[in-house]
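Just dropping this structure here.
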Amino acid sequence: MSRPFTALALAVVAPAVSVRAADEGWIIERLNSRIEIDSDGTLSILEALDVDFRGLSKHGIFRDIPYVLDFDATNNREYDITLTGVTSADGRPHRVKESDVGADRRFQIGDPDKEVSGKQTYRIAYRVGGALNGFPDHDELYWNATGNGWVFPIDVAEARIRLPQAVKLGQ
């Protein structure tokens, strides 16, 4: 059943801090997330991460996205996450190794035979199923745009949500 998706779309700009105790010595200067809700109810997400390795040499970054969350005492919520591409700012593709680490889908981005340093930009595109909830009187997008597993600071995080005219919620 399709129906108009009514929600408030906000652009949120706020400093984000790491929830893990370690400081790796480098930062994400900006995490910009564009979230488009497709008419079939999936999310198409494009993230731009401006990273400053601050003189360190690294092979790249990890992007951990929670795909299993506790729903209640007996059930979990599971997102269907599909990577569609990872590039640099100028469109060059990055090597990506995908794995599951606990309840996170991990994208290990970078070349194990090549180190990078200084400022780098990563563009991560992926699709997510299972992030919309339909209720009799409203619909809900349930998605943490930044995630909470970063081991270094995020100076600025921004998420923009684009809604379609109608969304099929399957109810």
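Would you check which residues across the range 125-157 are open to solvent by 70 Å² or more (accessible area, probe 1.4 Å) and not hydrophobic (A, V, I, L, M, F, W, C) and list them? Lay out the reasoning, then the answer.
Taking the range 125-157 first, the residues open to solvent by 70 Å² or more (accessible area, probe 1.4 Å) are 127, 135-138, 142, 144, 148, 155.
Within the range 125-157, R127, P136, D137, H138, Y142, N144, N148, D155 qualify.
Considering only residues that are touching a Leu at 6+ places or on another chain (Cβ under 9 Å) and of a type in the set (D, E), look in the range 32-74 and name the one that is surrounded by the fewest Cβ atoms within 10 Å (Cβ to Cβ).
Filtering the range 32-74 for residues touching a Leu at 6+ places or on another chain (Cβ under 9 Å) gives 32-37, 41-43, 47-50, 61, 63.
With the extra rule that they be of a type in the set (D, E), the set shrinks to 36, 47, 50.
Values: E36: 15, E47: 20, D50: 17.
Once the filter is applied, the top-ranked residue is E36.
State which residue pairs qualify: first residue under 14 Å from F53 (Cβ atoms) and open to solvent by less than 30 Å² (accessible area, probe 1.4 Å) and inside the range 100-124, second residue in a strand (DSSP E or B) and of a type in the set (G, A, S) in any location, beta carbons under 6 Å apart, and separation of 6 or more residues or different chains.
Close Cβ pairs (under 6 Å, with a partner that is in a strand (DSSP E or B) and of a type in the set (G, A, S)) amount to I109/G60; G110/G60.
Also, quick follow-up: What about R95, is it among the charged types (D, E, K, R), closer than 23 Å to A157 by Cα, surrounded by 12 or more Cβ atoms within 10 Å (Cβ to Cβ) and touching a strand residue (DSSP E or B) at 6+ places or on another chain (Cβ under 9 Å)? Steps first, please.
Working: among the charged types (D, E, K, R): yes; closer than 23 Å to A157 by Cα: no; surrounded by 12 or more Cβ atoms within 10 Å (Cβ to Cβ): yes; touching a strand residue (DSSP E or B) at 6+ places or on another chain (Cβ under 9 Å): yes.
Judged against the criteria, R95 is not a match.
If you check every pair at least six apart or on different chains, which have Cβ atoms under 7 Å apart with a residue in the range 54-73 that is under 16 Å from Y122 (Cβ atoms) first and a residue that is assigned to a strand (DSSP E or B) and small (G, A, S) second?
Matching pairs, first to second residue: H59/G110; G60/G110; I61/G110.
In addition: Given the criteria among the β-branched types (V, I, T) and open to solvent by 50 Å² or more (accessible area, probe 1.4 Å), does T82 qualify? Show your work before the answer.
Details: among the β-branched types (V, I, T): yes; open to solvent by 50 Å² or more (accessible area, probe 1.4 Å): yes.
Criteria met by T82.
Let me ask something additional. Filter the range 51-67 down to the residues that are part of a strand (DSSP E or B) and under 14 Å from the mean Cα position of the chain (by Cα) and list them by number.
First, pick out the residues of the range 51-67 that are part of a strand (DSSP E or B): 51-52, 58, 60-66.
Once the filter is applied, which keeps residues that are part of a strand (DSSP E or B) and under 14 Å from the mean Cα position of the chain (by Cα), the range 51-67 yields I61, F62, R63, D64, I65, P66.
Still on this model: Only one of (1) open to solvent by 80 Å² or more (accessible area, probe 1.4 Å); (2) touching a Leu at 6+ places or on another chain (Cβ under 7 Å) fails for Q165. Which number is that?
Only one criterion is unmet by Q165, namely (2).
The values are calculated or read from the model by the stated rules, or taken from the named source; none is laboratory data. None of these values were measured; they are calculated from a predicted model. Because the Cβ atoms are built from the backbone with ideal geometry, glycine has one as well, and the counts that use them run over all protein chains shown. When the accessible area is computed, the model is the full protein with side chains, heavy atoms only, and any ligands, DNA or RNA have been set aside. Shrake-Rupley method; radii C 1.70, N 1.55, O 1.52, S 1.80 Å.
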